[in-house]
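Written below as structure tokens is the structure these notes are about.
The values are calculated or read from the model by the stated rules, or taken from the named source; none is laboratory data. Everything quoted here is computed from the prediction, not taken from an experiment. Quick reminder, even Gly has a Cβ in these numbers, built from the backbone with ideal geometry, and neighbours come from all protein chains shown. Heavy atoms of the whole protein, side chains included, go into the accessibility calculation; ligands, DNA and RNA do not. Shrake-Rupley method; radii C 1.70, N 1.55, O 1.52, S 1.80 Å.
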Amino acid sequence: MTAHNPAAKKLFIKTYGCQMNVYDSQRMAEAMGAEGYVLTEDQADADMVLLNTCHIREKAAEKLYSDLGRLKPLKAARPDLKIGVAGCVAQAEGAEIIRRMPLVDLVVGPQTYHRLPAMVRGEAPAIDTDFPEEDKFDHLPAPRATRRAPAAFLTVQEGCDKFCAFCVVPYTRGAEVSRPAERILAEARDLVERGVREITLLGQNVNGWHGGPGGFGALIRALGDIQGLQRIRYTTSHPNDMADDLIEAHRDVPQLMPYLHLPVQSGSDRILKAMNRKHTSDQYLRLIDRIRAARPDILLTSDFIVGFPGETDEDHADTLRLIERVGYGMAYSFKYSPRPGTPAFDRPEVDAAVADARLQELQALLTRQQHAVQEGMIGRTVTVLFEKAGREAGQMIGKSDYLHSVFVDTDQVQVGDLRAVRIIGSQRNSLHGELIAG
């Protein structure tokens, strides 16, 4: 164990879950940086440990309490160590966290982390899970002046008004709120000035953004006019918010990458209705056809929940048929797990063994599709944004236009370079390429 260094205030952040949490952790680090804290990767050397939690995955609260239990010896040895819990589990559990784990000093929800410095100073309550009227982004300090990574996240929308029967987001992130276009564009320009070449726009329903005239498609077109911003992505989308202007942006804006994550959750209309998704499988498939007509080379990914309450073998077969029809480059798939407070929480669950078998069958199909897509990339030329050195000497890794991880054996590129690469091989979850000269 590394000896604690009292000469500097150090902050250790563990981030669970989604990309929005990654963005939130960066902003919390910046807020605490204004208080004199610097990030450390060594938990044992920290003056403050912050766990930024996610409530989407199964047993999220149990994982948090397990991690807090592992912090007990550190807190016992150093009572001055501050321990905070942030994010969606903090929002859902609130004071229960401190009741169960008295070693926790503060609990802050995802909409109030701009108040974190005051909480640490003892100038604000130790528990803050409000949904405040003020925009937290107005109260956060300007991002720090250095950023070495060539890709960055930018939150443009938070919260959800969809109320899917399985989802806790409306209760942990609150109602849908969109950041104003001018603030998004200002933050994007600042990122580009500091070397960022690719920005991923984030939101629980990112394509439902309504913070300016023209909708989300207009925002992407405005971002495409920023000199030096060479790549735009966004996640996560809802099919019901896939408006014409956004589909046309996929056709018209060269910086918008040919990749779209568009969750469907099920291929059964009966289950989609029970989930309160407010679209049918046919509407989703017709939407996919329109998107592909606008951008024929687009790579599609999705989310699936298997074993939702009431799901039958025929419902499962409908989902498999939808997957066959679409052909995904990748997908996230999970067995349904009930979330307290959601409409589906008390519904009778599908037998666990049946749900496990369905999940295995669905994942096997998705894996075959993923491998087919990756094999189909061999011989093609893609553009790769190099992000880091690989595990092997003389190896660099980056992301293709289609968000595939690509590794290249070369000493001719640096982090941040955008280069043409010919794909020469496919591994389980990555591609192997070679630089094209010139």
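Regarding LEU246, is this residue over 19 Å from ILE323 (Cα atoms) and surrounded by 20 or more Cβ atoms within 10 Å (Cβ to Cβ)?
So LEU246 passes the test.
Looking only at residues in segment 374-427 that are basic (Lys, Arg) and without any contact (Cβ under 8 Å) to a residue 60 or more places away in the chain, the one that is least open to solvent (accessible area, probe 1.4 Å) is ARG419.
Taking the conditions exactly as written (within 30 Å of TYR332 (Cα to Cα), touching a Pro at 6+ places or on another chain (Cβ under 8 Å), open to solvent by less than 20 Å² (accessible area, probe 1.4 Å) and among the small types (Gly, Ala, Ser)), does GLY94 satisfy them or not?
Values: within 30 Å of TYR332 (Cα to Cα): yes; touching a Pro at 6+ places or on another chain (Cβ under 8 Å): no; open to solvent by less than 20 Å² (accessible area, probe 1.4 Å): yes; among the small types (Gly, Ala, Ser): yes.
The answer is no for GLY94.
If you go through segment 97-121 and pick out every residue that is modelled with pLDDT under 90, open to solvent by 40 Å² or more (accessible area, probe 1.4 Å) and part of a helix (DSSP H, G or I), you end up with 1. If the condition is being farther than 19 Å from ASP401 by Cβ, assigned to a loop (DSSP other than H, G, I, E, B) and within 21 Å of the chain's Cα centre (by Cα), then segment 205-230 contributes ASN205, TRP209, HIS210, GLY211.
This table checks each residue for (1) polar (S, T, N, Q); (2) open to solvent by 10 Å² or more (accessible area, probe 1.4 Å); (3) closer than 13 Å to SER302 by Cα; (4) in contact with a Phe, Trp or Tyr (Cβ under 9 Å, 6 or more places away or on another chain).
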{"residue": "HIS250", "(1), (2), (3), (4)": "no, no, no, no"}
{"residue": "TYR259", "(1), (2), (3), (4)": "no, yes, yes, yes"}
{"residue": "PRO263", "(1), (2), (3), (4)": "no, no, yes, yes"}
{"residue": "GLY267", "(1), (2), (3), (4)": "no, no, yes, yes"}
{"residue": "LEU272", "(1), (2), (3), (4)": "no, no, no, yes"}
{"residue": "ASN276", "(1), (2), (3), (4)": "yes, yes, no, yes"}
{"residue": "HIS279", "(1), (2), (3), (4)": "no, yes, no, no"}
{"residue": "TYR284", "(1), (2), (3), (4)": "no, no, yes, no"}
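Please work out if ASP297 is within 23 Å of TYR234 (Cβ to Cβ) and free of Cβ contacts under 8 Å to residues at least 12 places away in the same chain. Taking the combined requirement at face value, the residue does not satisfy it. Answer yes if at least one residue in segment 246-257 is under 19 Å from the mean Cα position of the chain (by Cα) and touching a residue at least 12 places away in the same chain (Cβ under 8 Å), and no otherwise. The answer is yes; a qualifying residue exists. Pairs linking a residue in segment 31-60 that is over 17 Å from ILE83 (Cα atoms) and open to solvent by 60 Å² or more (accessible area, probe 1.4 Å) to a residue that is part of a loop (DSSP other than H, G, I, E, B) and of a type in the set (Ser, Thr, Tyr), with Cβ atoms under 9 Å and 6 or more positions apart or on different chains, are ARG57/TYR16; ARG57/SER337; GLU58/SER337; LYS59/SER337.
Determine whether ILE291 is within 30 Å of ALA188 (Cβ to Cβ), touching a Leu at 6+ places or on another chain (Cβ under 7 Å) and at pLDDT 95 or above.
So ILE291 fits the description; yes.
Among the residues of segment 259-281, the ones that are more than 19 Å from LYS335 (Cβ to Cβ), in contact (Cβ under 8 Å) with a residue 12 or more places away in the chain and more than 22 Å from the chain's Cα centre (by Cα) come to 5 in all. If you go through segment 169-190 and pick out every residue that is at pLDDT below 95 and open to solvent by less than 10 Å² (accessible area, probe 1.4 Å), you end up with 3.
Considering segment 348-360, the residues that are under 18 Å from ILE271 (Cα atoms) and open to solvent by 80 Å² or more (accessible area, probe 1.4 Å) include one that is nearest to the chain's Cα centre (by Cα), namely GLU349.
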